[in-house]
Structure formats: structure tokens, C-alpha cells
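Visitor: Supplied in C-alpha cells, the structure appears directly below.
The values are calculated or read from the model by the stated rules, or taken from the named source; none is laboratory data. Predicted model only: the values in this text are computed from it and were never measured. Reconstructed Cβ throughout: ideal geometry from the backbone, glycine too, with neighbour counts over all protein chains shown.
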Amino acid sequence: MLSLLKRMSQLLIVLVLAGVFGWERVRAQSIVPAGDGTGTIVTPNGQRFDINGGSLSGDGTNLFHSFEQFGLSQGEIANFLSNPQIQNILGRIVGGDPSIINGLIQVTGGNSHLFLMNPSGFVFGANAQLQVPGSFTVTTGDGIQFGSNWFSAGGGNDFEALVGNPTGFGFAIAQSGAIINAGNLVVGSGQDLTLLGGTVVNTGQLSAPGGEVIVTAVPGGNRVRLTVPGNVLSLEIEPIALSGSQPNDWKLPITALPTLLTVGASGLDTGLAANAGGQVVLTESGLPVGEGDVVAGDVTAQTAVLAANQNLTLVESQLQTTGDLNLLAGDTVRMRDSVTNPVRVQAGEELIVQGNQGVDIFALNHPQSGLLSGGDMVLRSANTVGGDAHYTTGGNFRIEQLDGSLGNLFSPYDPVVRASGDVSFDSYTGASLHIFAGGSVTIPGTITITGPDTVANSIQENVTLSDGTVVAIDGNAQPTLDIRAGTTAFGTPQIIGTGTFIPGFPCICGTATSADITLGRIITNGGN
């Protein structure tokens, strides 16, 4: 009996130690194939891990891998071996631990797109990099759809039936894992970069020159449907019950975001921290990050969609597209700059900022902060838009509600709107307001100027009216309403970023017109 108790005690000690050091094992391991019959072979070669074998789809264009563990330490390389016939390589991680990646992921031997799926989450450290010839997609969902069939994160798969390009991504579980990127993830010209998770935090850089960047926080019980198979830009989120089929159940627990930071990603600088109350916050700003949020970081692409189930946060972010840029939140879009670093949102074509419950922008600390678009610029919310920023657009500027009717603007410090086209919103409350429009200006509601603007780089100039009268405009000295329509030019904003795919911003200029200014009631606090 004593011998049995001693053996049981030793067993308990081993189990406890396994629990204590389990995460260290995950951090120490790199890539381990799953013994589930998929046939994945991992061959270590110094710091490089060659990944071969796997299972092919019936048409021979899709190669599937299954891993018990998938992670990389600094200096390590995950080398997916391909050939010219393989269009897509898809890997799942089944062991239940998040993937901590602080090395290089590459594809050699073919031009395959690469998909990685781990419901438990991904952390890309500051040294994480990509060297893939095709597009790169990361999902913490529990399935990748091919027509009516699924490549499931858990359980068995009928690989023969998984033909063609992916048509959707499943998130049947209540809350899938998080994706954190602190690295520099870049795909080749014309390729796409996609992050789909329960929560997605980018404190690093995402770049798809000539392609699309998609960053989306997907609520549980849904499917991301690709209306054009293989084209992530055409994605729609809908209840997974509408798909007619679902992936296998994922039965392992999901690592919560605070645990992922404090245990799984400990030692990595992710730009996030868990405070004493267990809440995850951005280290620079202190803004909280919750389930369903997206944090933007830096993004460069031809077109981009950043969509949060809850809040979309931009803190000192640099977003640049040559085409359309969509910033969407089920709750609130938040933008912040600092004295040392600007927040800069620049779209070559249309810029949409939509927070269903709120748009909260404060971007006046740095002189290079602002929102710019070559085409129309729309700020949209069910509630009053808080928009303390400088806006420059080569098209129309419009603030609207979710139903498309005109919305309201609140700006307590220094709003400046420059537009080649028309400017329209319903009402305004805040500091001195400056509007320069190549077209008409329509504000049918009430304009309430509460006081002068209070920032250093405010507009101060003398304006000569048509009758020769000179009017001094200084919104910093006194409450001022300064609206000009049909103007010929009002400056070209400074361009940020480098690279041949970042075009020069168009001149914000035009031909003088007799455009109308339509205003409702005006209330000023002792100003002009």
C-alpha cells in the first residue's frame, strides 16, 4: 500500500509539473506533426523545419497539413514544400495550444497560397516574417469551407472532397481565439493578407502592395462567406446555420486573451499588457482591448477592410491604400494620436469610417495627423460623430446616420474640412469650424460655436471678399464660423510612407464655382 501511495505521489508530482511547465513546452517546441493520418512530415534541418507529405484534394490543387503544435522561435523557419500544381496549402493546429510565431514562414517550390487555422489563437512576435509567393490567411475559426464540405480544425476530414478554392470560414464556436501581430507581415505584389479571429490586434505592420488587407473580428456562431470564391475582399458575415453544413465540433478550451498575453506570449513585446484587474490594454495609450475588438496598427495595401465586431481602435496608426479603405465597427471606431506620433488615415479612393454606435476621433496632438482620401469621405454612425481632426478629400465629405440621412458632428477643439466636392452634415457643436469646399456646403440643422479652437496649428489668415473687404480669420482668437464654397484650391496634404505603390496624393483644387452655402440656425459665443 505504501509503495502504491508513493507511486501515486510521484505521478501527481509529474502531472503538476506538466501543468506548470506545459506552456514552456509549447514555447520550446517548434513544429510537431499530428498523428491523425493526414500524413504531414516535419524534417528539422538546423533552424529550418521542412514541411512535406500531407493529403491532397481530389483535384490535386489543395494540400492539407495537420500539426499537433506549430510555433517558431526567433531565427527559426517553417518551410512549406510545394509544387507548381498546388494552388492552396492549408494547415490546421489541433493540439489546443496557441501558435507562438517569432520566426519566418515561407513556401518554396510553388506559388501556393497559404492558410493556417488554429482556434486557440496566434501570436506573431516582433521577429515574425513571411516569404510566401501567394496570399496568406490566418484564421482562429473552426473550419475552412469548400462548397458544402469543410476542412475542420478538429476531427476527421474528407480531403478528396475539398476541391477548388475556399468559399468561406466557419466560426461555429461561441468565442474563437485571438490573433496578435507585433511583426512585419508582408505578402508579394498583388497578393492578399487576411486575419480572421475572435479578436484581432495588430501592433505591427501588415502590407499587401497591390493587394487587399482584410482584418476582421468575427462573432461566434457565424460564417465568413466569400461571395466570389478565393476573393477575400468579397466577404460577408452571416449565421453559420445558413450555410447548410458546419465543421466538426471543436472540443478543446480556447485560451482567453489575458492568458494568451501573460502566459503564452510572455517575453514577447506585443504592445499589449494585462492590468491588475485582468483587463487587456494597449501599453502606449491605456485603451482597453476586449473580445470582438480590432486594433489597426500600420496597414499598407491597394484596398483594405478593417472590421470589428465591437470596437475598432487606431492609436498612432498609419493606414495607407491606393484604393478604397473601409474602417467598420459594430460599436465604436476610436482614433488617437500623440505629441510624438500621428494617426494618419490615407485612402487613394473612397474612405468609409463607420461605427454603428459611435465614431470617436481625437487626432490633433501631432501636426501630421489627419484623414485623407482621393475620393469621397464618409463618417457614419447612429449617434453624433466625435470628430476632432483635419479632413482632406478629393471628393465629397459627408457625415451620415446608418440609414443614410445626414448626421451630426461634435468637435470641441479644432475641426477643419477641405473637400474638392460638396460638404454636408446636419448640425454641428464645438469649437471654431473651418470648411473649404470646391462644391456646395449644406448644414440644415443648428451650428453652435462654443468657443475658439485651442490647438497650435489652427487657421489664421486674411481673406479678401468680393467687394474688396479684408476679413481677418483667427479661430484661435475667438469663436469663428468660417465656411467657403466654390473655392479653387486649399492646399495639398503632406504624403507619408514610401514605396512605389504609394502614389502622390492628388491636388485638392478645382475651378471656382457659384456653389451654394445652405445653413440652418447659427449660434456663436461672442465670435464671428
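Visitor: Can you find even one residue in region 225-243 that is within 21 Å of SER176 (Cα to Cα), part of a loop (DSSP other than H, G, I, E, B) and modelled with pLDDT of 90 or more?
Guide: no
Visitor: Please count how many residues of region 364-386 are more than 21 Å from the chain's Cα centre (by Cα) and of a type in the set (A, V, I, L, M).
Guide: 2
Visitor: Kindly evaluate SER148 against the criterion of being farther than 11 Å from SER57 by Cβ, surrounded by fewer than 24 Cβ atoms within 10 Å (Cβ to Cβ), at pLDDT below 95 and in contact with a Ser or Thr (Cβ under 9 Å, 6 or more places away or on another chain).
Guide: Considered against the rule, which asks whether it is farther than 11 Å from SER57 by Cβ, surrounded by fewer than 24 Cβ atoms within 10 Å (Cβ to Cβ), at pLDDT below 95 and in contact with a Ser or Thr (Cβ under 9 Å, 6 or more places away or on another chain), SER148 comes out as yes.
Visitor: For region 34-79, give me each residue that is aliphatic (A, V, I, L, M) and assigned to a loop (DSSP other than H, G, I, E, B).
Guide: ALA34
Visitor: Looking at THR384, THR392 in this structure, which one is in contact (Cβ under 8 Å) with a residue 24 or more places away in the chain, among the β-branched types (Val, Ile, Thr) and over 22 Å from PRO342 (Cβ atoms)?
Guide: THR384
Visitor: Suppose the filter is at pLDDT 95 or above and in contact with a Ser or Thr (Cβ under 9 Å, 6 or more places away or on another chain); does GLY54 pass it?
Guide: yes
Visitor: Out of GLY156, GLY71, report the one residue that is closer than 19 Å to SER176 by Cβ and modelled with pLDDT of 95 or more.
Guide: One residue alone meets the criteria, GLY71.
Visitor: Can you name the number of the only condition in (1) more than 25 Å from the chain's Cα centre (by Cα); (2) under 12 Å from ASN248 (Cα atoms) that ALA172 fails?
Guide: (1)
Visitor: Please enumerate the residues belonging to region 251-282 that are in a loop (DSSP other than H, G, I, E, B) and farther than 16 Å from ILE100 by Cβ.
Guide: LYS251, LEU252, PRO253, ASN275, ALA276, GLY277, GLY278, GLN279
Visitor: Restricting attention to region 106-114, does a residue exist that is in contact (Cβ under 8 Å) with a residue 24 or more places away in the chain, farther than 22 Å from SER189 by Cα and either in contact with a Phe, Trp or Tyr (Cβ under 8 Å, 6 or more places away or on another chain) or not aromatic (Phe, Trp, Tyr) (or both)?
Guide: Taking every residue of region 106-114 in turn, none turns out to be in contact (Cβ under 8 Å) with a residue 24 or more places away in the chain, farther than 22 Å from SER189 by Cα and either in contact with a Phe, Trp or Tyr (Cβ under 8 Å, 6 or more places away or on another chain) or not aromatic (Phe, Trp, Tyr) (or both).
Visitor: Pick from region 166-193 the residues that are β-branched (Val, Ile, Thr) and over 14 Å from ASN118 (Cα atoms): which of them is surrounded by the fewest Cβ atoms within 10 Å (Cβ to Cβ)?
Guide: That would be VAL186.
Visitor: Please list, ordered by first then second residue, the pairs with beta carbon atoms under 6 Å, 6 or more apart or interchain, first in region 332-352 and more than 19 Å from THR322 (Cβ to Cβ), second among the acidic types (Asp, Glu) and not in a loop (DSSP other than H, G, I, E, B).
Guide: Going by the 6 Å Cβ cut-off, the qualifying pairs are THR332/ASP360; ARG334/ASP360.
Visitor: Determine whether PRO219 is part of a loop (DSSP other than H, G, I, E, B), surrounded by fewer than 24 Cβ atoms within 10 Å (Cβ to Cβ) and either at pLDDT below 95 or in contact with a Pro (Cβ under 7 Å, 6 or more places away or on another chain) (or both).
Guide: Against the criterion (part of a loop (DSSP other than H, G, I, E, B), surrounded by fewer than 24 Cβ atoms within 10 Å (Cβ to Cβ) and either at pLDDT below 95 or in contact with a Pro (Cβ under 7 Å, 6 or more places away or on another chain) (or both)), PRO219 qualifies.
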